[in-house]
Amino acid sequence: MTNTPEFATIDDLVRSVLWLDRSLDMLCPMAVPMGVESPVHSEWYSLLRKKLVPQLSRRSHLVVAVTGGTNTGKSVIFNQLAGEKASAADSHAAGTKHPVCLLPPGCDAGELLRQYFDAFEHCPWQQASDPLEAAPEHRLYWNIGQNVPRRLLLVDTPDVDSDAEVNWERARSIRQVADLLIAVLTSQKYNDAAVKQYFREAVESGKPVLLVWNMAYEDQYRDVWPEWISQFRAETGVSPLAVFATPHNRDAIEAMTLEVRDIGLDGRGVAGEDASMEPRFPVVPLQKYLNEIRFDELKMQALIGALRRVDAENEGVGTYLRQIETAARDFDSAAKTIRDRDRFDIDWPTIPKAMLADEISRWCNSKRSDLLQNVSAAYNTVLRPVQWAWGSFRNRLASNQQKAEQKEELAAVMQLVEKTIDQLKLLGIATSNRVLKDELNRYLGEKRKELLSAGERIHSQIPPKTDAYMRGEVYAILNHWAEENPDQWQKLHKIDVAALGTHAVLSLGALATCGVFGVAAFGSLGVMPLLMTGGIVGGSEALLKILGEEVRMKIAELKVAIQKKYASWRKGIFLERFESELWGEMLRKFDTFSAVARSKEYHGTLQALESVRKIFRQDCLDRQNGTQTQ
């Protein structure tokens, strides 16, 4: 079962085009600051705003342009359409140099001329010879055609094969405005190179074309019509809406009774209703044909042709949206380069031993009973003189170690800053976005020294001690180990209890194996910190011999886990401050620009464009099924 196609209508076109216009109106101001050039001066945008939107908003006129080479009889066909002798029809004339326009009675002439022909100087058309006068200005001569239907605007264009480039420019401007081109050809001029070029460009612009072979409805030409049509179509790409021919009859021209005959798309006539009937060449009332019989179809096809140019592959609205997406992606990449903490392989310094011992000591004490905590406090009181000496020694060692570690850490910080700068420089070279390029060049050129000095300053402000977050992470690692390895934990816990409960005995052993400071280490820290830090004076090795190789390996694993957590924590603190204090303003700008491609304005424009493209697909289906779009 075949589904009935859903044909596009003028109403569908109106909704889609106005939706697209409103969406672009909101999106364009967001895209300009991010380096995407405004489309206001582009052909596609001008076509949308100056042709499609005004015409669809008013459901206005069909602009019919009569085009062709010198002395092809354009003015004859123009007069037949106008229903009066409006344009000069003199075979000895020098050729039309300025376009001529007839407007329907009762219209607002000024508004229509501004709407459709703003590229021209509007001059009242007072006599037939006016358009033949050479002048450097782009003039459009206009008048009210008393017999012009209210929905038609008729234009007689300059000769498209003129040696004067200015005539070609004027004919091209009229082509851009026109909804329908009537190509007036003759047995000689249909093969002219300039004429064929003009209509090739018309096809590229999506313009519907109707062919009229003037002075060719004669018996002597009937057999060659198919050859003419085939050759012209092949060499221009034109797929004509219809093909007409007129006789060479000067009396009929003077009397305004010239017959226009439909000779069929292939030049072999119009097939009869019955296949046995001979092809016909019926007379077509050209003005009525355009204004009544095929107006909606022609208008729809002209508008869809114009809309296809708005969505041209390499320069239309789709390309504009891709430019916005590319710019947003570049800004997002720059922001990620600054924020990505895993982008660079940098060895961050490890946690200082004194800091590690303090945190583990706190954890161990949290695992002791209240009684043992009291014993530990009492023991520390008894050993206070020894611990004071131990503490002074330990602080001196820690201070020296801290200075060395801070120096090592600063080197890592500066390495990170340098690598960030290098990555951003590469991005600045690769991007074609001038705003991003200028912003990166400013920061990486003028502000490079500021970046490096800011890195040192920010690093010096990071406190060399743990905070609640890091302490929680250390506790989590140790708690997990205690839960997963209860036997090892119990061994260490028993030694810790014994160290507190029988401190006199263990103190003698510690004095024998670890020295005076070993006793202080047992008392002030406990067993676990001594083992985790590796011992300052060798006491940990004595304990590990008692506990065995398995505990030794596990202690090493715990130490590595805590070191990694610490390095990540310190690196995170630095990057957060570096990001907010140095890159903050630029990052906010980058985030704003990268968000444009995710905005409701951007996606609204995409949806409107898809609605337009749906009409294109329906129009193609319409043509394939041989139906007329209503």
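Distances between placed amide hydrogens fall under 5 Å for residue 63 paired with 153, 179, 180, all partners being 5 or more residues away or on another chain. Residues whose amide H lies under 5 Å from that of residue 244, counting only those 5 or more places away or on a different chain, are 211, 212, 213, 263; hydrogens are built 1.01 Å from N in the peptide plane. Entry comment: accessible area of region 287-332 is 39 Å² per residue, from protein heavy atoms only and a probe of 1.4 Å.
Per residue, the convex hull spanned by the Cα atoms of region 33-166 amounts to 129 cubic angstrom. Please work out, to two decimal places, the log10 of the ratio I(q)/I(0) at q = 0.18, 0.19, 0.20, 0.31 Å⁻¹ from a Debye calculation in which every Cα of region 101-152 carries one identical scatterer. After summing over all Cα pairs, the log10 values are -0.59, -0.65, -0.71, -1.28. Counting only lysines at least 8 places from residue 565 when in the same chain, those with an alpha carbon closer than 16 Å to its own are 353, 465. Expressed per residue, the C-alpha convex hull volume of region 90-206 stands at 120 Å³. Cross-link reach is defined here as a Cα-Cα straight distance under 19 Å, omitting same-chain residues fewer than 8 places apart; for residue 189 the lysines meeting it are 74, 97.
Return one quarter of the surface area of the convex hull spanned by the alpha-carbon atoms of region 175-227, equal to its mean projected area, in nm².
4.0 nm²
Remark: for residue pairs 491/559; 403/571; 336/419; 437/600, the C-alpha separation exceeds 20 Å in 437/600. Note on residue 150 and residue 322: the model spin-label points, each 7 Å out from Cα along the C-beta direction, lie 4.5 nm apart.
Within the accessible surface of region 141-224, defined with a 1.4 Å probe on protein heavy atoms only, the carbon and sulfur portion equals 41 percent. FRET efficiency for the pair residue 329 and residue 404, taken as 1/(1 + (r/R0)^6) with r the Cβ-Cβ distance and R0 = 35 Å, rounds to 0.20. Label separation (residue 293 vs residue 132): 3.3 nm, computed from points 7 Å beyond Cα along the C-beta direction.
The values are calculated or read from the model by the stated rules, or taken from the named source; none is laboratory data. Small disclaimer: the values here were computed from a predicted structure and weren't measured. Note that we place each Cβ from the backbone using ideal geometry, even for glycine, and neighbour counts take in every protein chain shown. Side chains included, ligands, DNA and RNA excluded: accessible areas come from the protein's heavy atoms. Shrake-Rupley method; radii C 1.70, N 1.55, O 1.52, S 1.80 Å.
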